[in-house]
Amino acid sequence: MCMQDPPSSFTLLHSPAYNSLYFNHNHNLSFDSSTSSLSDPMPPESDVTISSYRLCWDVFLSFRGTHTGHTFTMRLYHALHGRGVRVFRNDDGLERRGEIQKKLLEAVEDSAAAVVVISPDYASSHWCLEELAKICEVGRLILPVFYWVNPSHVRKQEGPFEEWFVWHVQRFPKERVEQWRNAMKKVGGLAGFVLDEKSDKSDELIQILVQNLMKQLRNTPLSVAPFTVGVDDRVEVLKNLLDLKSNDVRVLGLYGMGGVGKTTLAKSLFNNLVVHNFERRSFIPNVRSQVSKHHGLVSLQNKIRGDLCGRKEDLINDISDGISAIQKIVQENRVLLILDDVDDVEQLNFLMGKREWFYKGSRVVITTRDKEILYGSYVDVDFEVKELEFSEAMELFCFHAIRRKEPAEGFLDVSKQIVEKTGGLPLALEVFGSFLFDKRTEREWKDALEKLKQIRPSCLQEVLKISFDALDEQEQCIFLDIACLFVQMEMKRDDVVDILNGCDFRGEIAVAVLTARCLIKIIGDGKVWMHDQVRDMGRQIVRSESLTDPGLRSRLWDRDEILTVLKNMKGTRNVQGIVLDCVKRRMSIPRDRSADEITRENFRRKPSCKSAFEYIKERYKKYVEDRKEKSKEVILQPKHFQPMVSLRMLQINYSRLEGQFICLPPKIKWLQWKQCPLRYMPSSYNPLELAVMDLSESLIETLWKGRSNKVAVHLMVLNLSRCHRLTATPDLSGYLSLKKLNLEECSHLTRIHESLGNLNSLVHLNLRLCYNLIELPGDVSGLKHLEDLVLSDCWKLKALPKDLSCMVSLRQLLLDSTSITELPVSIFHLTKLEKLSANGCHLLKKLPTCTGKLCSLQELSLNHTALEELPDSVGSLEKLEMLSLMGCKSLSVIPNSTGKLISLTRLYLDGSGIKELPASIGALSYLRKLSVGDCTSLHKFPVSMEALVSIVELKLDGTKVSNFPEEIFVGMKMLEKLEMGKVQHLKFVPVSFGCLSALTILDMHDANITELPESIGMLENLIRLRLDKCKQLQRLPDSIGNLKSLRWLMMKETAVTRLPDSFGMLRSLVELDMKRLPYLNGAGNNVSTGTIIPEIREQPSSEAILTSFCNLSLLEKLNAHGWGIYGKIPDEFEKLSSLETLCLGHNNICNLPASMTGLSYLKKLLLSDCRELMFLPPLPSSLEELNLENCVAVQYIHDISNLERLEEFNLTNCEKMVDVPGLEHLKSLRRLYMSGCIGCSLAVKRRFSKVCPRFYLRN
C-alpha cells in the first residue's frame, strides 16, 4: 500500500469533553461513558505524546472488514472523506504480508486520531488486534464505536471475544496476547459510541461522530503551527466581524506587535473560511519582506492572479498591468484575499486596489504592525491581536517545553514566572519553551529564569537570544549565517546544508538542532524559513559587533553597507560572509506613467506624423537613459576583498569583478556569482578551499583557462546551470570531492569530458535541457556513488554508455524526451534503481529482457515511446508500484507476467494500442488506479477484473468496449471513481454495477447507453453522476431516488423526457443540469430575431416537474432549459429555498408564482425564449442577473426597485413590454440590453433621465 505525502488539511488539536453526546437507549444508540473516569476518549496525560511535526493522516480507521467493511464503515469513511479528512483505511480484502503490515503500523503512527469500529468478529483477526495495540501505544486520540457489541465485553474480553482469545493463546506468544488484551481493556474503557444490532440509527451516529471528530481536527490548507492555543475563539470573533452572511464587501484589519501571532491567526482564519462559498481564495504571506526583493510587488501580483484565476502562465511583468489584472478578477468573482504583514499603504494600492472593485460578498483581511496603514485601505473594522491570556500562555509554553498541557510536578512556580516574564508572546513562548525541552532539572529551569529576569520588559529579541546563547559555538555560527545571509535568499535546506558542510560544519545536525529549537522551519518545497523577529535578533547580534563600522562585523547583507565597505577598503579579518545582489532594482512602486508610455498610447489612439515623432523622440530618450544606467553598473575589484582574510562565504551576483583575482581571500568556501560576465575563470584564481561554486546564468564558455585542478581538490558542489555559452566541461579528474554537478539548460553544451566517468564522489548529475549534448563518456566506471542521473530533454542524446555496471548506487534515472533507441543490457546491474523514466523517447522500441532484474524499481514511466512490447521479465519487479505506458501506440499486448507485480498500485495505459488486458490482471490485489482511457483498440475486459479488490479509480473513457462481463464489478468494493465517457459502443451496463458500494463519482457522458440498471440505486455513496450527451438514454430508473448522497447530476442533451416519481428523494442534490436542445421546427423559426421556437414534444406540466423538485431544499442550481414545461409554476416552488441559479429558458410557462420572493438566495434567473410568459411577479432582492430575452409575450413586470444587487438585465425583443417600473433605482446595474423593446423604450428613457447612467445601455 503506497503512503502518500503529508497532508495540508488537518492537524490534531485537543480533545474536549464528549458528555453532550448521549442518545437515549430507546433509540438503540448511545454514547457510552459509564466505564471511564475521563470525559475525554484519550489516554491520560502521562501517556500522551504530542507530535511536533505534521502527520500524514488525520484518521486511522480500524475495523474488521468481513462484518462492517462495506456497510457501516464504508459510509463512515465516505462521510469523513467528504469533509476533507485524510483517512487511512485498512482493508481485510488485502493480503497482509510483512511489508504491508509494516506500512499499516507506520500509518497508525502517522495518524492524528484513530476511529476503532469493534464488531463481534473484530478479535478474530490478529492483524486487527496488532493494530489496536499499536493505536494504544502511540497514545493519540481514540474514538471507539461499539458495533453490535457490549463495551463491557470488549473491556473484559467476554461474549464473542472470549473464544477468539482462547484460540490466540494457542497460536501466539503469551506476551503478545497480553498486549492485545490490554489494548481491548483500554479501548473498552474509553468513552465511545454504542450501536445496537437492531438499531436503524447508524446514519445518525455517523453524522454525530463526524461532527465531533471534526471538532478535534481542523481543516488546514495552510500549514499552521503544530500546536496552537486561543486561536479558535479568536477566529470565531473575526468571523463575526467579517459578517459572512452579508453580501457586502468587508475589509478586516489585524494589527499588533511582531511575534504576537498575527500570521498564525490569519492562516487559521483562512483555513476556517475554506468551507465558505468563496469562488477564489488567496493568502499572501510576508508582504513586507517579499516586496523588498527584486520585482517584489510584481511577483506578488502574479501570485494573487494565479491564486484567483487559476492560471500560472502568462506572467505579468509590469506593475500597472498587474493591478489591472487583479481589478478584472476581483470584479467578477467572490474572493477571499488575505495580505499578511503589510507595512506600506502603497502595497495595498498595488495588491488590493480599491474597495469598490470587489465583487459582492468578497472579504479582504490585512495584517500589519502599523495600525495607521489600515486607515487608508477602507477597512470596515480593525482588531488588535493581543498577547495570550496567562492560562493560554502556560499551555503553549508547556507544550514546547515538556510536550504536555500543564507543568510537571515541582515545576509549577518556575513555569509561572517564566510565562509572566515572556509577556504572553507566542513566539517567545515557543522559542524559550523549545530551549528548555532538553533541560530536565529544576535547577536548569531556575538558571534560565534568572537570565530571563535580567531582560527588560517587552524586549522580545532578548528573550529569543537566550535560546541562541544556549547553542554551542558552531550552532551559533550557523544560526547567524542563516539569519544574516541565507534567509533573504530563500535557499532550500539541501543547499544550505551543502554550504555548511563545505565550511567544515556539521550541517545536517545543526539544521536539525535549529529546527528543534524553533529557530528555523523548513517550509513549502524545502525552503529554510525564519520568523522575522528571530532573524532580526540574529542580525542585531552581528550589528552589535560594531555599531558604527560595518567592516568590523562578521557578516554583511545590506547592499549599501557592503558597497561602502568595499569602496573605502574598510573590510577586516572579522568579515566571514557577504551576500551582495547587484541586479538592477527598479523602483517597485511607480509614481507616474512614463513619457514613453503616454506618447505610445497617443500614437495608437490618434496616428499622425506628429504623434509618431513624439513617440520616437521619447523612445530615443529612454534608450539614452538605459545606456547611462548600464554605465552605472556595480564594478568590484578583488583588492577590495583582500583585507577580509577570514571570508568564507561570498555572493556577488550580477556584478563585474575586474582586477587581479589572486587578491581574493584564500579561505572562501562558497562563491555564488550568477551572471558572471567572464568567458572563463582566470588561471590565477586558485582558492584551494572552495567547496561550493555557483556560476549559474553566466557567460562562461569554459570553466578555466588551460588546465587548473588546484582549485578543485575540495570542491563539492558545482552549479553551471543556464550557462548558455558553455560548450564543454573541463577536465574534472582533479575534482576528487565533487558530489553535485548541475549543468541544467546549458543549451550549447556538446561534450562531456571523459574524466566525468571517474568522479568517485559524485552523487547528483543534472544535464536536463542540454539540447545539443550528443553523448556521454563511454567509461563511467568511476561513478560508484551516483544516485541521481538527470538527462531529460537532451534531445540529441542517442545512447547511454554501454557499461553501467559500476553505477551500483543509482536510484533515479530520468531520460525523458531524449533520442535513445535502447537501454543497455548492463542496466540489470542497477539493483538500487527506484525510478526509471523515459517519457517521450520516440525512438525507444523495446526494453532489454533483463529489465526484471531491477529488483528495487518502484516507478517505471515509458509514456509516448515507440515501445512495441514489454519483456516477460517485467513480472519480476516485485517492488514496482507505478507502471505508466500512456500514448504507446505501437504497444498492443500487455504480458501475462504483469499479474506478478504484487506491489503495483497504479497502472496507466491511456492512449496506448493495447487490444486487451491480460487475464492475470485480476491478481493485482493492491492495484488502486487503472486507466485505459482512449485505448481505441480495446474491445473487451477480462472476467478476472472482478478480483481487483483494491481498485479505487477506474478510467475507461473512449474505449471500444461493447459490453462488460456480467460480474466485473462484483469485487470492486473500494471503487470510488469510474469514468466511462465516450464509450459509444456500450449500450447496457451490467447489473453488478450496484455492487460498487463505495462509488462516489460516475461519469458516463457521451455514451450510447439506452438505460441504466435498477441496481444503480444501490450506490448510496454516489456524489456526482454525469450523463451529458447520452442521447439514447430515454429514462432514469425508479431506483435513482435511493441515491441519498447524490449532490451533482449532469444530464444535458439526453433523450429523457420524464423524471421518475422517486426523483424528489434526492434530498442532497445541490446541482441539477438537465438542459435540452430545443427541437427545430422550420415553421417556427423567427428570422427577424434570429431565434428558434422549440417544437414541443411530450411537454411535462409544471405540476409534474414540481412533484419531482419540491423536496430538493439543498438545490442551488437548476437548469431545465428546453424541457418544454408548460402552464403555471405553483407556489410550492418556494420550497427550493437554497436555489441560487434557475434556468427555465425555452419553456412554455405562462406565469411564475408569487412566492418567488421566498427564494432569498436566488442570484440568476434565466427565462430566455419563454414565449408564453406574460407576467413577472415580485422577485427576490438577491437577484444579480435577470434574462428575459425573446420573452415576446411579457407585458408587465412588477416593480423591481428592490433589486439593488441586480447587475445585468436582458430585455432583448420583449416587444410587448410597456414599462419597467423601478428601473431607475437599480444601484448596481451595469449592463442593460433592450434591443427590440419597441413599447417601453420611451418610458425607460424618461426614468433614466432622472439619474446618472451607471451602466451600459445597449439598443
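The values are calculated or read from the model by the stated rules, or taken from the named source; none is laboratory data. These numbers were taken from a predicted model, which means no experiment stands behind them. Please note: Cβ atoms are built from the backbone with ideal geometry, for glycine as well, and neighbour counts cover all protein chains shown.
Filtering the stretch 875-901 to residues that are under 12 Å from TYR926 (Cα atoms) and in contact with a Lys or Arg (Cβ under 6 Å, 6 or more places away or on another chain) leaves only MET882.
Within the stretch 725-746, can one find any residue that is farther than 24 Å from VAL692 by Cα, assigned to a loop (DSSP other than H, G, I, E, B) and either of a type in the set (Ser, Thr, Tyr) or over 30 Å from the mean Cα position of the chain (by Cα) (or both)? Within the stretch 725-746, not a single residue is farther than 24 Å from VAL692 by Cα, assigned to a loop (DSSP other than H, G, I, E, B) and either of a type in the set (Ser, Thr, Tyr) or over 30 Å from the mean Cα position of the chain (by Cα) (or both). A single member of CYS841, CYS888, CYS855 is of a type outside the set (S, T, N, Q), surrounded by fewer than 18 Cβ atoms within 10 Å (Cβ to Cβ), free of Cβ contacts under 8 Å to residues at least 40 places away in the same chain and not in a strand (DSSP E or B), and it is CYS855. Can you tell me which residue in the stretch 630-645 is modelled with the lowest pLDDT, limited to those that are surrounded by fewer than 16 Cβ atoms within 10 Å (Cβ to Cβ) and either farther than 21 Å from TRP673 by Cα or in contact with a Cys (Cβ under 9 Å, 6 or more places away or on another chain) (or both)? Across the stretch 630-645, the extreme among qualifying residues is GLU633. Touching a Phe, Trp or Tyr at 6+ places or on another chain (Cβ under 8 Å) and at pLDDT 85 or above, is that true of CYS128? Considered against the rule, which asks whether it is touching a Phe, Trp or Tyr at 6+ places or on another chain (Cβ under 8 Å) and at pLDDT 85 or above, CYS128 comes out as yes.
If you go through the stretch 995-1009 and pick out every residue that is more than 29 Å from the chain's Cα centre (by Cα), within 22 Å of ASP934 (Cα to Cα) and of a type outside the set (D, E, K, R), you end up with 3. So which residues in the stretch 128-175 are among the aromatic types (Phe, Trp, Tyr) and more than 21 Å from LEU76 (Cα to Cα)? Across the stretch 128-175, the qualifying residues are PHE161, TRP164, PHE165, TRP167, PHE172.
The residues in the stretch 416-438 that are among the hydroxyl-bearing types (Ser, Thr, Tyr) and over 15 Å from GLU389 (Cβ atoms) can be counted, and the count is 1.
Taking every residue in the stretch 345-359 that is β-branched (Val, Ile, Thr) and pairing it with any residue that is in a loop (DSSP other than H, G, I, E, B), at least 6 positions away or on another chain, the pairs with Cβ-Cβ distances below 7 Å are VAL345/SER377. What are the residues in the stretch 297-315 that are at pLDDT 75 or above and surrounded by fewer than 18 Cβ atoms within 10 Å (Cβ to Cβ), if any? Passing the criteria: SER299, LYS303, GLY306. Tell me, please, whether a residue that is of a type outside the set (Asp, Glu), closer than 17 Å to TRP57 by Cβ and within 41 Å of the chain's Cα centre (by Cα) can be found in the stretch 181-194. Scanning the stretch 181-194 turns up no residue that is of a type outside the set (Asp, Glu), closer than 17 Å to TRP57 by Cβ and within 41 Å of the chain's Cα centre (by Cα). Taking the conditions (1) in a helix (DSSP H, G or I); (2) modelled with pLDDT under 85 in turn, LYS386 satisfies each one other than (1). Within the stretch 221-276, the set of residues being over 24 Å from ASP370 (Cα atoms), of a type in the set (Gly, Ala, Ser) and either at pLDDT 80 or above or more than 22 Å from the chain's Cα centre (by Cα) (or both) comprises SER246 only. Condition check for THR936 on (1) under 34 Å from the mean Cα position of the chain (by Cα); (2) buried (at least 18 other Cβ atoms within 10 Å of the Cβ); (3) part of a loop (DSSP other than H, G, I, E, B): one failure, at (2).
Just to be sure I understand the filter: pairs with C-beta atoms under 7 Å, separated by 6 or more residues or on different chains, first member in the stretch 863-874 and in contact (Cβ under 8 Å) with a residue 24 or more places away in the chain, second member outside any loop (DSSP other than H, G, I, E, B) and surrounded by fewer than 16 Cβ atoms within 10 Å (Cβ to Cβ). Which pairs pass? Pairs that qualify, where the first residue is in contact (Cβ under 8 Å) with a residue 24 or more places away in the chain and the partner is outside any loop (DSSP other than H, G, I, E, B) and surrounded by fewer than 16 Cβ atoms within 10 Å (Cβ to Cβ), are GLU869/VAL893; PRO871/THR849; SER873/THR849. Scanning the stretch 487-501 for residues that are touching a residue at least 40 places away in the same chain (Cβ under 8 Å) and surrounded by 24 or more Cβ atoms within 10 Å (Cβ to Cβ) returns VAL487, ILE499. Scanning the stretch 1137-1164 for residues that are part of a loop (DSSP other than H, G, I, E, B), more than 24 Å from SER1068 (Cα to Cα) and out of contact with any Cys (no Cβ under 6 Å at 6 or more places or on another chain) yields GLY1145, HIS1146, LEU1152, PRO1153. Annotation note: of GLU131, GLU163, the sole residue that is free of Cβ contacts under 8 Å to residues at least 12 places away in the same chain and part of a helix (DSSP H, G or I) is GLU163. Restricting attention to the stretch 962-1002, which residues are touching a strand residue (DSSP E or B) at 6+ places or on another chain (Cβ under 6 Å) and under 22 Å from GLY887 (Cβ atoms)? Once the filter is applied, which keeps residues that are touching a strand residue (DSSP E or B) at 6+ places or on another chain (Cβ under 6 Å) and under 22 Å from GLY887 (Cβ atoms), the stretch 962-1002 yields LYS977, GLU979, GLY981.
A search for C-beta distances below 6 Å between a residue of the stretch 191-202 that is within 13 Å of PHE72 (Cβ to Cβ) and at pLDDT 75 or above and any residue that is of a type outside the set (Phe, Trp, Tyr) and part of a loop (DSSP other than H, G, I, E, B), counting only pairs 6+ apart in sequence or on different chains, returns ASP196/ASN28. Among the numbered conditions (1) surrounded by fewer than 19 Cβ atoms within 10 Å (Cβ to Cβ); (2) modelled with pLDDT under 90; (3) assigned to a helix (DSSP H, G or I), the only one that ASP525 does not meet is (3).
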